[in-house]
1. For the stretch 1-121, count the residues as N, evaluate 2.2 N^0.38 Å, and divide the Cα radius of gyration by that value, please.
2. What angle, in degrees between 0 and 90 and rounded to the nearest 10, separates the Cα long axis of helix 151-160 from the longest principal axis of the Cα atoms of the chain?
3. Please work out the C-alpha center-to-center distance from the stretch 98-134 to the stretch 45-76 and express it in whole Å.
4. Any chance you could give the angle, 0 to 90 degrees and rounded to 10, that helix 132-143 forms with the longest Cα principal axis of the chain?
5. Just want to confirm a number: the relative contact order over the chain, from Cα pairs under 8 angstrom separated by 6+ residues, in percent.
6. Could you name the aspartates and glutamates whose alpha carbon sits less than 17 Å from that of LYS37, not counting residues in the same chain fewer than 8 places away?
7. Excluding same-chain residues fewer than 8 positions from LYS6, which lysines have a Cα within less than 18 Å of its Cα?
8. So what's the Cα pair-distance distribution over the stretch 72-178, bin width 10 Å, in %?
Amino acid sequence: LLELLKTAPLDPALVQEVVGRTFTDAIHIVGEPLAQKQEPANPVDAQFSAPYSLAVAFWDRQGMPEQFAWARVRDPQVRWLARRIRVEADPSCDREFPRRYPAEVVVRMQDGRSLTHRVPTSKGDPAWPLTQGEIERKFFALAGDVLPPGRAEAIRDAIRRLEACPDLRELAALLAAG
């Protein structure tokens, strides 16, 4: 969906329906039972809900930790859109799994337009790796809540110097609890 939205800046308020298609094993985890996946009860349920994840990504244009906070999980706009999203197994995706993790999304707009986008595997897979910038954004999003100010930057900087580092004690000290 995020790849589609890069080329087609669609308004989530004007969505009629979204259908996600992927391999069967994923559907069992993130798509069933549909009614519960469309209305996750808490942030953990939201992380295992394709309808919720697609809805919040549609509104926020990203899927970072803040998209799975209580406030977003309870947001009426996100929940409204999640109820318009369903996921289904796609035999062509099953044929590629587990070598790859393909998925397709079909977005039907209220004005009658239908847009489709397929990805061959998940972002972050070795075949479609995260960029250095994406890795850093994700690291800071995750580390920001658990590390003191400045420590995440110090860890990033130490990792950037890793190849030239003759001694890992500096990095180990930064990674140590406390």
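Where a number appears in this text, it was derived from the coordinates with a stated rule and is not lab data. In this text the structure is predicted, and so the values were computed from the model without any measurement.
1. Numbers: Rg = 13.5 Å, N = 121, 2.2 N^0.38 = 13.6 Å.
Normalised Cα radius of gyration, the stretch 1-121: 0.99.
2. The answer is roughly 80 degrees.
3. So the two Cα centres are separated by 17 Å.
4. With rounding to tens, the tilt is 80 degrees.
5. Working: 237 pairs, mean separation 42.6, N = 178.
Here the relative contact order equals 24 percent.
6. GLU17, ASP25, ASP45, ASP75, GLU88
7. List returned: LYS123.
8. The percentages, shortest bin first, are 11, 24, 27, 21, 14, 2, 0.
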